[in-house]
1. Just one of (1) within 14 Å of chain B (Cβ to nearest Cβ); (2) buried (at least 21 other Cβ atoms within 10 Å of the Cβ); (3) in contact (Cβ under 8 Å) with a residue 12 or more places away in the chain; (4) not β-branched (V, I, T) trips up C:L95, so point out which.
2. Would you point out which residue out of C:I170, C:I166 is away from chain A (no Cβ under 14 Å), surrounded by 13 or more Cβ atoms within 10 Å (Cβ to Cβ) and not in a strand (DSSP E or B)?
3. Can you confirm whether C:K5 is in a loop (DSSP other than H, G, I, E, B), more than 14 Å from chain A (Cβ to nearest Cβ) and either surrounded by fewer than 23 Cβ atoms within 10 Å (Cβ to Cβ) or at pLDDT below 85 (or both)?
4. Just to check your reading of the model, which residue among C:T82, C:T29 is surrounded by 23 or more Cβ atoms within 10 Å (Cβ to Cβ), within 11 Å of chain B (Cβ to nearest Cβ) and of a type outside the set (K, R)?
5. Taking segment A:30-48, which residues are in a loop (DSSP other than H, G, I, E, B) and of a type in the set (A, V, I, L, M)?
6. So if I check each of A:T132, A:T143, which one is among the β-branched types (V, I, T), farther than 27 Å from C:A206 by Cβ and free of Cβ contacts under 8 Å to residues at least 24 places away in the same chain?
7. Kindly provide the set of residues from segment A:166-186 that are modelled with pLDDT of 85 or more and among the polar types (S, T, N, Q), ordered by number.
8. Just one of (1) more than 14 Å from chain D (Cβ to nearest Cβ); (2) under 29 Å from C:Q7 (Cα atoms); (3) of a type in the set (S, T, Y) trips up C:Y122, so point out which.
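The values are calculated or read from the model by the stated rules, or taken from the named source; none is laboratory data. Just so it is clear, the model here is predicted, and its values are computed rather than measured. Here the Cβ is made from the backbone with ideal geometry for all residues, glycine too, and neighbour counts use every protein chain on show.
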Amino acid sequence: MSTFISFILAIISSMLIDNVVLSRFYGICPFLGVSRKVKSSLGMGIAVVFVIILATCICWPIYTYVLVPAGIPFMDTVAYILVIASLVQLVGLFIKKYSPALYKTLGIYLPLITTNCAVLGVVQGNTDQGLTFLNALANGVGTSLGFLVVIVVFSCIRVRLESANTPKAFKGLPIALITAAIMAIAFMGLQGLFSGIKL
Amino acid sequence: MANTKRYVITAITLGIIGAASAAIIGVTNLVTREQIKQNEQNKINDGIAEIFGQNSTILNTQSIENEKYTNTVYFVKADEKNQYAFRADGSNMYGKISLLVGFNELNQFKGISVIVNEQTYASTLVNEYIDPMKKADNKDEALEDVSCGATYGAKLIRDLVNDARSVVMKINAKE
Amino acid sequence: MKREKGQTKKNFLKGIIQENPLLVSILGTCPALATTKSLEAAIGMGILFTIVLLCSNVLISLLRKLIPDEIRTPAYIVIIATFVTMVKMFTNAFLPELYSTLGVFISLIVVNCIVLGRAEAYASKNGVFDSFIDALGMGVGYTLSLCLLAFFRELLGTGGFTFGQIFTFIPLTKLIIPGAEKFAISLFQTPAGAFIVFGIVLAVVAFIKNRKAELKAFEAKQAKLKAAEEAKAKLAAQQAQGGQQ
Amino acid sequence: MSQTEYLIIAIVILVILAVTFIVSFVLYQRTPKPKGCEDLKPSDEKCAGCTNDACAFYKEKDSVESIEKKEEK
């Protein structure tokens, strides 16, 4: 029972407290770039959630059962980037062949995910921190859901930002960064949630 | 005909790139492997010096197999008494930490030092739990008030220290 | 290919001013926000980034005729991943503090949009020397903009600069402005501060760009006005001549 | 299973990963877009903010704009 609780706590912790975009800074490029329309950012978020969970499930066993016994743990980055890139292409292939509707919404983001820092950041972070598989999976799920939550919330704000009369120099990206800073402060408030939990 | 020729060339170039990258990584590995091991060893020496004082020397090491991990016990000779230090590794949902836990010849808890700290909240763990333990003059009492805290951090440290204590007890009993 | 006289200088300066990867084309923002907590970490990150960019640009421009067009991107990704692993191993061995402060962000250079972007946009089309200069310009430009961010974040966050924690061969020096420690706003050391500093820096860059554009538009209008007056004056002179004959 | 055998297995797995990546990359490029999506041009609505010029659609976007410019002339 306690492992189940710690699994859920790990998900919530990496989703809200240690949010991937606002406090660990992985995945800022798509976060700033693509979050103009709510629907497009939702599509991007779902694609990232799908790829992160698949990537964690594949990369962690590769690291522990293949690379470490073989004595070449330094090859982890090469293996992860190959796994993530082939995952993205295979998922794209699958979507292209079997579901045109899904391709219409997600198709444009798939090539972007390979250069998305969040996916490799999470996978590399899992093994660098030496997490067990359960914790790594929880970290993956929590991080991707956190990414989805933040990117959708940010795109709602950003839609309203377009109509706000910001000074000429701040139009576009600078004002989006300042709002992201305010969101980061809000998320920082959740910092002490778990250090006091009695288990 | 031209098609297969193109495939052959592609395959050869990719093969060359793959072989070249493997060679580059292999050579860098050979160059840097000793240095990385040396860095590890320096960290452990600093840890032991921190716990047992500067003039401590490592007599010999013995590796212990248990269900979770294989780790080494360091037999340390400090101020003419042979004492023990055990390196305990552990991880929780925030990441891995490995501590060097020192015991004097009467199996009393002597000190603690952090070798590897990959926790996401690395600094909070050190400030809240490990520094007070180091500063406290009565070590055993400091150990108690840390291990009664039931947060994830305290729980992890308590497990590691207890692991170390059990291993050192076993070795002492044997001798 | 005729080499214009100033091409290498222009090619180098392009990376720093016109097409600065971080401040103008806003690429590679992930490590920029994360590693600029201290000036030393920013310098370290910049150096590592420049090394990877130089090696990958040179090797890619060497092999550009060999790699068939269809599988360019996978070959580039493998080459960049190799150099990143090499750099990671060297930092782990010779600069362990830099390795532990940067942590995951050294491996994130592989997915950095600049490295793949420069490889695809420039190195696959130009000669080795041009790609080297372009990579050097981009690397120096990226490092300078990282140091700009880190300068403000560390100055405002801790009231001064500490050197020697990461590059341990420098003796630990703390250049703290006397009395500034009390006014240090520790918000700038947190992620929120990174967003604020980056936003304001981008706003200043946008302001300079708008100002330049206005100046050019103003000069263009002036030139047009002058040209119109000259045309009128020439017309008047012709009529005066016509009148005298 | 001595370490060298593990090493051989690891190298084989890495090669398999690389081959699957390249094969899937080529197949992804070759499969035609689904029927309804031929006209999925990188419209500005989705690609507006993104500055990642290494992405495949970015190149299409340039080619699309260059075609439009030619039509205007």
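1. Tallying (1) within 14 Å of chain B (Cβ to nearest Cβ); (2) buried (at least 21 other Cβ atoms within 10 Å of the Cβ); (3) in contact (Cβ under 8 Å) with a residue 12 or more places away in the chain; (4) not β-branched (V, I, T), C:L95 fails exactly one: (2).
2. Among C:I170, C:I166, only C:I166 is away from chain A (no Cβ under 14 Å), surrounded by 13 or more Cβ atoms within 10 Å (Cβ to Cβ) and not in a strand (DSSP E or B).
3. It is true that C:K5 is in a loop (DSSP other than H, G, I, E, B), more than 14 Å from chain A (Cβ to nearest Cβ) and either surrounded by fewer than 23 Cβ atoms within 10 Å (Cβ to Cβ) or at pLDDT below 85 (or both).
4. After applying the criteria, what remains is C:T82.
5. A:V34
6. Result: A:T132 is the single residue among A:T132, A:T143 that is among the β-branched types (V, I, T), farther than 27 Å from C:A206 by Cβ and free of Cβ contacts under 8 Å to residues at least 24 places away in the same chain.
7. A:T179
8. The number of the failed condition is (1).
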